[in-house]
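The structure under discussion appears below in the form of structure tokens.
None of the figures in this text is laboratory data; all of them are computed from the coordinates on show. Being a predicted model, the structure only gives us computed values, none of them experimental. In this analysis, Cβ positions are derived from the backbone assuming ideal geometry, glycine residues included, and neighbour counts consider all displayed protein chains.
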Amino acid sequence: MTVTDSAEPMIAVDGVEKVFDVRRKVAGTLRRERHQVRAVDGISFTVPRGEMVGYIGPNGAGKSTTIKMLTGILSPSGGRLRVAGIDPSRDRTRLARRIGVVFGQRTTLWWDLPLRDSYELVRRMYRIEDPRYARNLDACVELLDLGPLLDVPVRQLSLGQRMRGDIAAALLHDPEVLYLDEPTIGLDVISKAKVRDFLRTVNAERGTTVLLTTHDLTDIETLCSRVMVIDHGRLMYDGGLDGLHAVGESERTLVVDFAHELPPVEVPGARWVRSEGPRQWLAFPAGDSAAPLVTALAARHPLVDLSVREPAIEDVIARMYGAA
Amino acid sequence: MGGFYGAVVVRGFRRYATYRVATAAGVFTNTVFGLIISYSYIALWDQRPHLGGYTEAQALTYVWVGQGLLAAMAQMGGGFETEMMGRINSGAIAVDLYRPADLQGWWLAADLGRAGFQLLGRGVLPIACGALVFDLALPASPLTWLLFALAVALGTVVSFAIRFLVGLSAFWLLDGAGVVQVSWIVGLFFSGMLLPLNAFPGALGDVAQALPWSAMLQVPADVLLGQRQGADALLALAFEAGWAVALLGAGRLLQGLATRRVVVHGG
Amino acid sequence: MEAEPRGGAAGERTPGTVAESVRAYRLVVRMWMRSTMSYRASFVMTAFGNFAATALDFLTIVLMFSHVEALGGFSLPEVAFLYGTASTSFGLADLLMGSMDRLGERVRDGTLDTLMLRPVPVLAQVAADRFALRRLGRVVQGLLVLGWALWRVDVHWTVLNVALLPVTLVVGAAIFCAVYVAGGAFQFWAGDAAQVQNSVTYGGATLLQYPPGVFARDLVRGVTFVVPLAFVNWLPALRMLGRPDPLGLPGWVDFAGAPVALVCCALSGLLWRAGVRSYRSTGS
């Protein structure tokens, strides 16, 4: 075991690059042209022990390539990587004992065998001592409601049940870092909530560091205080959720119900979007306060009701990508 | 509807045409097997020059035609049945059953497209290799080649019909790989791929000739080698057509049973 | 079984990798056996079917001998001796790592990644993948034919010959295992080329059933010096049967099987490592 200094970050990524040689057919000929694709193009970040970070970006942005480098499956073309003090590409099998990975669309459970058998295999493969195994299994079973499922063949489980089973399998050996790739994809609302609650508990009680890739921004909103956005292999943003709105130049919407129908109103600092009877939608920068706007409006017209709508993060990111 | 199945045939052909490395690897494998079997036949025909009514040149032609047809007849895999079994095991077959297209018709069209490609991509080169190394007895008459083409076409339908039954077995047997493997070995033996059926002794030979697998190599090869000419060649084609109809019918029946099973179990 | 080689540059620094590989292999095999046993009826049927079907292989040779007294100068019991040794060795290798040809598929669909996330050698996991006890059918059938051949064949049973027989079976299995590993490694670069492996494994097993004298000399040279299949059974069998080998090699070569097998395993292990390294730098 490597003793990790608690001051040292759990994940340290420094100028990491991954370049792929791709052969592409030249249209209309039999010739194939070689060219390089920079899937990850100089990324740097650190994740301190116990943090829960969202890692988002469009398909093909370099998310899974990063995760694969962090697990040691892929070796980086350049830069420096450390996870729990270990160089993943040099010591993949040693690192494997200290990390847990869940791929949302790829189960590691044994299709024809009861859930319990898959856990037994994990116990033996990772050489988990009996008391620790019993303790971890009990905790997972309780928090993820796996009790009635343990003796059911995996092929008979629903998608949500299987995902819960997979998450438990990744945690039996007490990993210090947990990578989750789309852990809520395809799940119903209740299963999603269960998974999120569980992850929050694990993070809080065991101090497990979590890196979460997802398309469901509710996952990020409910779980992560920090989010990293990657596109075209580059880190576009690293910070809090609120800051993301500012960077994305996102807008909030003020919905105003006037006393009677009005022509589109004009107020400084806001933009008319649409009208529907006496109700009008006005957009303003997400970073600004709504108060001066409301004062200005109230000074001119009688107001019946007001509400402010937060921007959808999808739109924020779309804007960011549009800008990039 | 004809246009639809035609499109499926074309798609099947194109799909296999994209596997270039696999095709090259297959040609290599067929050539290696062709060489090995050729030498063992030479040893055999050296001692019995007219075994089974073939000359040595005919016997060698038989070997290479067999290697040329092996992929088209999907005698050692590469057909649709593994994919179909996968869909049955995962339950995705339930979706297929509710499609407007007929299950058997759809797979038949796709498999004929595949066979068409394999015939060109993996049939021609091994035979050419064989012709380079050994003296083969290939016919000159275009009529013989036409009859051969018909015999091969009917043979691919028989091959499909058998593999469709194998694929459907996944509804009842869960170790698909084992069933497929057994069906390969039986098929290789009874098609005459290991030894021409006319070199089988006595009753075993008669039985083997009458079984459907003979349509996959023995019958087309006999037509090509001029062992069956004129009315006899037509009889050979009728034999193949008969088995094709019977086996497709059996597949239809079994598909009906399987469908009912899916409906009962809810997929 | 094949073990991932130790030490070296790319360093998987798990202590005792060979023991670790064997252990992981057995763990995965056990899971597959339990999976098959959850469909017991299906297993019994396919195991029997497999056994019966491989017998057709030998039946082909028997049918040939219904027309001739000898093939390439060998009698039926002598050919059966070649068949039995080749089939047993190949059957063992096929049983132990017959799913190596699925590697290309695993690379394509990305499931190889899940194996690489576990703290045990990947080769052991891939070799144990889809372990199927039904493949025992070929081994049993090979041993039965070999038993019959030993009863009928005329061998001068010196101590050396008695010792040579089991060694030959193990060496043969090891050489075929090496071919399986090399074939698997090859799929890191050409995932669709799994078939090429079949031409060496299935093709090789077919080739070795017949006396070497049947084949063109260049072919025999190829399987002696390039892909050393001749060491699986031809060379030791010719010695046991008291026949000269067609290449006229010095007598000690007949006993070189074990070192040749070791070299094959080492080379295929290196090829495997190169394959894994290439996968890790290209991801495809």
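For the protein assembly as shown, with the dipole built from +1 on Lys and Arg beta-carbon atoms and -1 on Asp and Glu ones, taken about the Cα centre, which of A:TYR119, B:PHE239, C:GLY203 lies farthest toward the positive end?
The Cα lying farthest towards the positive end belongs to C:GLY203.
Run the simple label-point estimate for A:VAL189 and B:VAL21 please: 7 Å along Cα→C-beta, distance reported in nm.
4.7
Given the options C:LEU219, C:LEU27, C:LEU76, state which has the largest fluctuation in a GNM of chain C using a 10 Å cut-off (strictly under) for Cα springs.
Answer for the Gaussian network model of chain C: C:LEU219.
Would you tally the net charge around C:ASP192, using a Cβ to Cβ cut-off of less than 14 Å, leaving C:ASP192 out, and scoring K and R as +1, D and E as -1?
+3
Share of Cα-Cα pairs in the stretch C:17-282 beyond 33 Å, in percent?
Beyond 33 Å sits 23 percent of the P(r) for the stretch C:17-282.
Under the classification rounded if a/c is under 1.5, otherwise prolate if a/b is larger than b/c and oblate if not, where does chain A fall, given a ≥ b ≥ c as square roots of the Cα gyration tensor eigenvalues?
Taking the square roots of the gyration eigenvalues as a ≥ b ≥ c, chain A is prolate.
Give me the inter-chain shielding for B:176-185: mean count of other chain Cβ atoms within 10 Å, whole number please.
Taking all residues of B:176-185 together, the mean is 6.
Give me the aspartates and glutamates in straight-line cross-link reach of A:LYS194: C-alpha distance below 13 Å, same-chain residues under 8 apart excluded.
Partners found: A:GLU142, A:ASP145, A:ASP219.
To the nearest 0.05, how large is the calculated FRET efficiency for A:TRP281 and A:LEU159 if R₀ is 35 Å and r is the Cβ-Cβ distance? Walk me through the numbers before you get to the answer.
Details: r = 38 Å, r/R0 = 1.08.
E(calc), rounded to 0.05, equals 0.40.
Could you give log10 I(q)/I(0) at q = 0.14, 0.15, 0.21 Å⁻¹ for the stretch A:194-324, computed by the Debye formula over C-alpha point scatterers of equal weight, without solvent?
Log10 of I(q)/I(0), two decimals: -0.75, -0.81, -1.14.
Enumerate the calculated ³J(HN,Hα) couplings along the stretch C:33-46 in order (Karplus 6.51 cos²θ - 1.76 cosθ + 1.60, θ = phi - 60°), each rounded to whole Hz, writing x wherever the residue is Gly or Pro.
My calculation for the stretch C:33-46 gives 5, 5, 4, 5, 5, 6, 10, 4, 4, 4, 5, 4, 4, 6 Hz in order.
Can you check how the C-alpha radius of gyration of the stretch B:2-265 compares to 2.2 N^0.38 Å, as a plain ratio?
Output field value: 1.02.
With unit charges on the beta carbons (Lys and Arg positive, Asp and Glu negative) and the dipole taken about the Cα centre of chain A, which residue among A:LEU172, A:THR107, A:LEU74 sits farthest to the positive side?
A:LEU74
Between A:ALA296, A:ALA286, A:ALA12, where does the largest GNM mean-square fluctuation fall for chain A, given springs only between Cα atoms within less than 10 Å?
Between A:ALA296, A:ALA286, A:ALA12, it is A:ALA296 that shows the largest mean-square fluctuation.
Find how many whole Å separate the alpha carbon centroid of the stretch B:113-178 from the alpha carbon centroid of the stretch A:223-283.
64
GNM on chain B, C-alpha springs below 10 Å: top fluctuator among B:LEU143, B:LEU165, B:LEU69?
B:LEU143
Mind checking which helices in chain A clear 24 Å along their axis (Cα) and have mean Kyte-Doolittle hydropathy of -1.0 or more, DSSP H runs only?
Span-like helices, by this rule, are A:189-206.
Please report how far the C-alpha centroid of the stretch C:193-252 lies from that of the stretch C:74-95, rounded to the nearest whole angstrom.
Computed from Cα coordinates, the inter-centre distance equals 12 Å.
If you take the charge dipole of the protein assembly as shown about its Cα centre, with +1 on Lys and Arg Cβ and -1 on Asp and Glu Cβ, which of B:ALA161, C:TRP148, B:TYR16 is farthest toward its positive end?
Of B:ALA161, C:TRP148, B:TYR16, it is C:TRP148.
How many partner chain Cβ atoms sit within 10 Å of a residue's Cβ in peptide B:248-257, on average, as a whole number?
The per-residue average across the peptide is 0.
Calculate for chain B the 222 nm mean residue ellipticity that helices alone would give, adding -39,500 (n - 2.57) per DSSP H run of length 4 or more and normalising by residue count, nearest 500 deg cm²/dmol.
-24500 deg cm²/dmol
What's the local net charge at C:LEU165, with K and R +1, D and E -1, over the other residues with C-beta under 14 Å away?
0
Which whole-number value in Å³ per residue fits the convex hull of the alpha carbons of the stretch A:251-312?
In the stretch A:251-312, the Cα hull volume divided by residue count equals 74 Å³.
Whole-Hz Karplus ³J(HN,Hα) for the stretch C:20-31, in order, using 6.51 cos²θ - 1.76 cosθ + 1.60 and θ = phi - 60°, x for Gly and Pro?
Once θ is set to phi - 60°, the couplings for the stretch C:20-31 become 5, 5, 4, 5, 4, 4, 5, 4, 5, 4, 4, 4 Hz.
Return the distance in nm (one decimal) between the two label points of a simple spin-label model at A:ALA204 and B:ALA128, each offset 7 Å from Cα along Cα→Cβ.
Distance between label points: 7.2 nm.
Need the C-alpha centroid separation for the stretch A:186-208 versus the stretch B:18-74, integer Å.
61
For the pair A:SER307/B:LEU234, report the inter-label distance in nm, with labels modelled 7 Å from Cα in the Cβ direction.
Going from the A:SER307 label point to the B:LEU234 one covers 8.3 nm.
Give the aspartates and glutamates reachable from A:LYS68 as a straight Cα distance under 14 Å; neighbours fewer than 8 places away on the same chain don't count.
Excluding near neighbours in sequence, the set is A:GLU17, A:ASP87, A:ASP91, A:ASP181, C:ASP113.
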